[in-house]
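Structure first, then comments.
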Amino acid sequence: MLHILCEPIIRKRTEKRKMPSLLEYLSYNCNFMGILAGPTCSYNDYIDFIEGRGYESKHLETNGKENGKFKQIEPSPKRDVIQKVCTCALCLTIYLVIHTACPTERVTHESFMASNPFYIQVLFLYISMLSLRPKYYFVWTLADAINNAAGFGFNGYNTDGTPKWDRISNLRILNIEFATSFKMFLDNWNIQTALWLKRVCYERCPYNPTAATFLLSAMWHGVYPGYYLTFVTGIAVTMAARAVRHNVRQHFLGSSTLKLIYDVITWFSTQIAICYTVVPFVLLAVGPSIKFYRSWYCCIHLICVLLALVLPVKSRRRRQQEDLDIIQASEHNCLSSPDSNCNQKQKSS
């Protein structure tokens, strides 16, 4: 229900009602901070930064209200920039040291598959992918640090009064590594591009928006067949994960122990599914990708298709309609009820 209430606010912040001039358009597309590696940002955020309004809105939203006792006229990005540069150094070291010893291509070698049991192959694949991701962490975190050093990316204040510089951050590393669902992984990976795909495709596509968004993402990445194998597999994994969450999760919310068991199982499943799905993205070619999937007997594909077909899931349109019906019913009850606390409850929701 929260996404329905927040959607108008997000659209208001990102929409542009006036045609930009040629200079503004070229500046937005060719600015030195993002022309090579991004990250993508909204036009309004960029223009606010260029015209010196980048601090104003977020400063008024947080400073003086929730964190009024912490008065900062011009927040400094120095601490965040140093932290992100150190993160870059650590990620680059992990990638160069560990991934060099555990290249992903090895999972398709006949000698590797013949000399190692299946559980060793799974463990090797996980370590290989775990050490591959820091390559992307390095690039996106460095790009974020460059923007922050220029003064772009301020996003209000934390509860302790320290400034937040994550307005255009492209990833959340801990949320990725400890993701307990495929959606949680994707929501924290390449964030700005995912938001762009959501605005231009997912929210506008009347039929099968999930499949359409994955296919558009594949075309956006390029023409290598591995991209399309990865994103088509991602459709099946997403549908299966959604079906399992809607039908199973509520049975594990009775106690903290059951919730922990559920989180551990879903974390393990998510990591294996991500590793399996992303292999063609790394290998790029059709032959090695199909060879890898055949070595696993396409088991993830079969399990995901079976779960998506067997477990019932409400469509996005139906879920949105039910959420709107609940909101309208709540508003109607508030209007017809003499309860003086109704207004206050509605504000708190």
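The values are calculated or read from the model by the stated rules, or taken from the named source; none is laboratory data. Keep in mind it's a predicted model, so treat the numbers as computed, not measured. Ideal geometry is used to build each Cβ from the backbone, glycine not excepted, and the neighbour counts take in all protein chains shown.
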Original post:
Can we say Val244 is more than 16 Å from the chain's Cα centre (by Cα), in a helix (DSSP H, G or I) and under 14 Å from Ala273 (Cα atoms)?
Top reply: yes
Original post:
If you scan the range 245-270, which residues turn out to be under 14 Å from Met184 (Cα atoms) and among the β-branched types (Val, Ile, Thr)?
Top reply: Thr266, Thr270
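Taking the options Gly34, Gly68, Gly64, Gly52, name whichever one is modelled with pLDDT under 85, surrounded by 18 or more Cβ atoms within 10 Å (Cβ to Cβ) and out of contact with any strand residue (DSSP E or B) (no Cβ under 9 Å at 6 or more places or on another chain).
Working: Gly68 fails: surrounded by 18 or more Cβ atoms within 10 Å (Cβ to Cβ); Gly64 fails: surrounded by 18 or more Cβ atoms within 10 Å (Cβ to Cβ); Gly52 fails: surrounded by 18 or more Cβ atoms within 10 Å (Cβ to Cβ).
Of the residues listed, the single one that is modelled with pLDDT under 85, surrounded by 18 or more Cβ atoms within 10 Å (Cβ to Cβ) and out of contact with any strand residue (DSSP E or B) (no Cβ under 9 Å at 6 or more places or on another chain) is Gly34.
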Subject >> Among the residues listed as Thr233, Thr238, Thr257, the single one being farther than 24 Å from Arg106 by Cβ, among the polar types (S, T, N, Q) and crowded, with 18+ Cβ neighbours inside 10 Å >> reply: Thr238
Original post:
Failed condition for Leu90, given (1) at pLDDT 85 or above; (2) not in a helix (DSSP H, G or I), with all others met?
Top reply: (2)
